[in-house]
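Here the structure is laid out as structure tokens; the discussion comes afterwards.
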Amino acid sequence: MKAMPESVQDIFVFALYLAQLGDKHPDAKPLKGFSGAGVVEIVEDFSSDSYRAVYTVKFDDAVYILHVFRKKSTHGTSTAPKEEIEKVKARLKVVEEMQQRKGDKRNE
């Protein structure tokens with residue numbers, strides 16, 4: 001995220017802060033293809049680039065940032081390309097597994 005323009009970073013950090021408080025940034029929306037999973041996307045345009053932050057609010061104890069990237073596609077404003085979605089899915093799976101292990105330890 002540090003490689004992104006400062007104004008984009010500011011918006012993403014503010015959106016994540018709101019998510020930690022249980023609130024939602026006005027531009028945050030559910031990421032397509034993750035119904036019910038609590039996966040949220042925020043998009044910010046800067047110059048001619050589009051930047052995206054994807055995070056999950058699925059868990060009570062933390063907000064997990066799953067992926068932050070500059071959209072490279074020049075075709076419209078549709079959702080993230082397939083390879084970016086695959087990264088999000090893989091990272092969400094890791095977080096779910098971490099949360100499961102954490103829950104298992106609490107129940108011991």
Inset, instruction - Among residues belonging to the stretch 54-108 that are at pLDDT below 85 and of a type in the set (V, I, T), point out the one that is least open to solvent (accessible area, probe 1.4 Å). - result: T79
Legend entry - Selection count, the stretch 22-42, where residues are open to solvent by 40 Å² or more (accessible area, probe 1.4 Å) and either over 14 Å from Y64 (Cα atoms) or modelled with pLDDT of 95 or more (or both): 10
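The values are calculated or read from the model by the stated rules, or taken from the named source; none is laboratory data. Only a predicted model underlies this, so the values are computations on that prediction, with no experimental measurement involved. These area figures cover heavy atoms from the full protein model, side chains too; ligands, DNA and RNA do not enter into them. Shrake-Rupley method; radii C 1.70, N 1.55, O 1.52, S 1.80 Å.
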